[in-house]
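Take a look at the structure set out below.
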Amino acid sequence: MSQTSCNNAGLLRAYIKEQGEETFRNNPWALTAAIEDFASTGKHLMIFKEPKLKVAREALESLPTKPKLIIEFGTYVGNSAIAWGAILQDIHGSNAAEKGCRVYTFELDPTMVRLSKDLVQLAGLDDIVHVLEGPASESLRKLYYEGKVTASGVDMAFIDHWEKYYLPDLQLCEELGVFHKGSLIIADNTDFPGAPEYLEYVRSGGLGAVRYESEGHKSETKRGPSVVEISTVVEV
Ligand SMILES: C[S@@+](CC[C@H](N)C(=O)[O-])C[C@H]1O[C@@H](n2cnc3c(N)ncnc32)[C@H](O)[C@@H]1O
């Protein structure tokens, strides 16, 4: 991770404190809005922002069965993980956690793990959103062997870590059999910095038993156009 991304993440925590933490307590959408505000003041954060989030939200809300289990590759400051938790609460109500809704998000960097856990707790989502430290592939295997992520159990995987891991980690999901027909795989930045092997794989429908239909969704961001790839499992 670049020094700027790391420094700005640290500055973000101070910014949230300055704004008055009580504004954000148990208010995840206010918190994600503040994180976006901070990022729009010239302090770049590598977060999944509106309007991309809107596209992902619509895809999640249009699933025929209400989503309950989301896995996320790449937590950083926890912005998207908080958004997924809030979307699950919007869909299932404030007792989403008791209904079994979970977001498992994977992060390599221990400083980001501490920061994101802190923000998840402030948002009041720590019963839904769980941040796991270490390589995403190891965390996913661990969750699988613990029975927290089960075969056919994942409704959406959000892929937003380093692009070289996109395809191997998708293939790990396939190997563990965590997808069901209709599962969504949403991948950010497939155009830039770019994940060409991943894109070729999902656009060609996959190679193994899991088959995909896949489409790029272009959004206009402050840094120019950017593509989110949304793939749907059509056969498993
Ligand atoms: C683009 S940021 C994630 C942004 C976050 N999804 C959001 O929108 O708020 C990518 C993050 O992935 C983490 N990362 C990169 N490779 C990883 C891996 N193999 N396992 C776990 N985390 C990884 C990086 O440390 C970084 O914090």
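Exactly one condition in (1) under 12 Å from the mean Cα position of the chain (by Cα); (2) more than 17 Å from residue 29 (Cβ to Cβ) is false for residue 110; which is it?
Result: residue 110 passes all but (1).
So the check is Cβ under 7 Å with 6+ separation or different chains; which pairs have a first residue in segment 101-126 that's over 21 Å from residue 159 (Cβ atoms) and near the ligand (Cβ under 9 Å from one of its atoms) and a second one that's modelled with pLDDT of 95 or more and basic (Lys, Arg)?
none
Residue 163: closer than 17 Å to residue 72 by Cβ, within 10 Å of the ligand (Cβ to nearest atom) and at pLDDT 95 or above, yes or no?
no
Hey, can you tell me all the residues within segment 172-228 that are within 16 Å of the ligand (Cβ to nearest atom) and β-branched (Val, Ile, Thr)?
Within segment 172-228, 185, 186, 190, 221, 227, 228 qualify.
What do you reckon, is residue 83 over 22 Å from residue 21 (Cβ atoms) and either touching an Asp or Glu at 6+ places or on another chain (Cβ under 8 Å) or within 16 Å of the ligand (Cβ to nearest atom) (or both)? Lay out the reasoning, then the answer.
Working: over 22 Å from residue 21 (Cβ atoms): no; either touching an Asp or Glu at 6+ places or on another chain (Cβ under 8 Å) or within 16 Å of the ligand (Cβ to nearest atom) (or both): yes.
Spelling it out, it is not the case that residue 83 is over 22 Å from residue 21 (Cβ atoms) and either touching an Asp or Glu at 6+ places or on another chain (Cβ under 8 Å) or within 16 Å of the ligand (Cβ to nearest atom) (or both).
Of all the helices (runs of 4 or more DSSP H) wholly in segment 136-236, which have at least 3 residues that are within 23 Å of residue 109 (Cβ to Cβ)? Can you show your working first?
Working: elements: 136-146, 166-176, 196-203.
Filter on segment 136-236 gives 136-146, 166-176.
Among the residues of segment 6-35, which ones are surrounded by fewer than 17 Cβ atoms within 10 Å (Cβ to Cβ) and within 12 Å of the ligand (Cβ to nearest atom)?
6
Please go through segment 1-35 and pick out each residue that is of a type outside the set (A, V, I, L, M), modelled with pLDDT of 95 or more and under 19 Å from the mean Cα position of the chain (by Cα).
The answer is 27, 28, 29, 32.
For residue 138, are the conditions met, namely being within 12 Å of the ligand (Cβ to nearest atom) and out of contact with any helix residue (DSSP H, G or I) (no Cβ under 8 Å at 6 or more places or on another chain)?
Considered against the rule, which asks whether it is within 12 Å of the ligand (Cβ to nearest atom) and out of contact with any helix residue (DSSP H, G or I) (no Cβ under 8 Å at 6 or more places or on another chain), residue 138 comes out as yes.
Restricted to segment 186-236, and to residues that are at pLDDT below 95 and of a type in the set (Gly, Ala, Ser), which residue is nearest to residue 53 (Cα to Cα)?
Out of the qualifying residues, it is 219.
Does segment 37-74 hold any residues that are assigned to a strand (DSSP E or B) and touching a helix residue (DSSP H, G or I) at 6+ places or on another chain (Cβ under 8 Å), and which are they?
70, 71, 72, 73 - these are the residues of segment 37-74 that are assigned to a strand (DSSP E or B) and touching a helix residue (DSSP H, G or I) at 6+ places or on another chain (Cβ under 8 Å).
Here are the criteria: (1) more than 13 Å from the ligand (Cβ to nearest atom); (2) at pLDDT 95 or above; (3) touching a strand residue (DSSP E or B) at 6+ places or on another chain (Cβ under 8 Å). Tell me which single one residue 169 does not satisfy.
Of the numbered conditions (1) more than 13 Å from the ligand (Cβ to nearest atom); (2) at pLDDT 95 or above; (3) touching a strand residue (DSSP E or B) at 6+ places or on another chain (Cβ under 8 Å), the odd one out for residue 169 is (1).
The values are calculated or read from the model by the stated rules, or taken from the named source; none is laboratory data. Small disclaimer: the values here were computed from a predicted structure and weren't measured. FYI the Cβ positions are ideal-geometry reconstructions off the backbone, even for glycines, and counts take in every protein chain you see.
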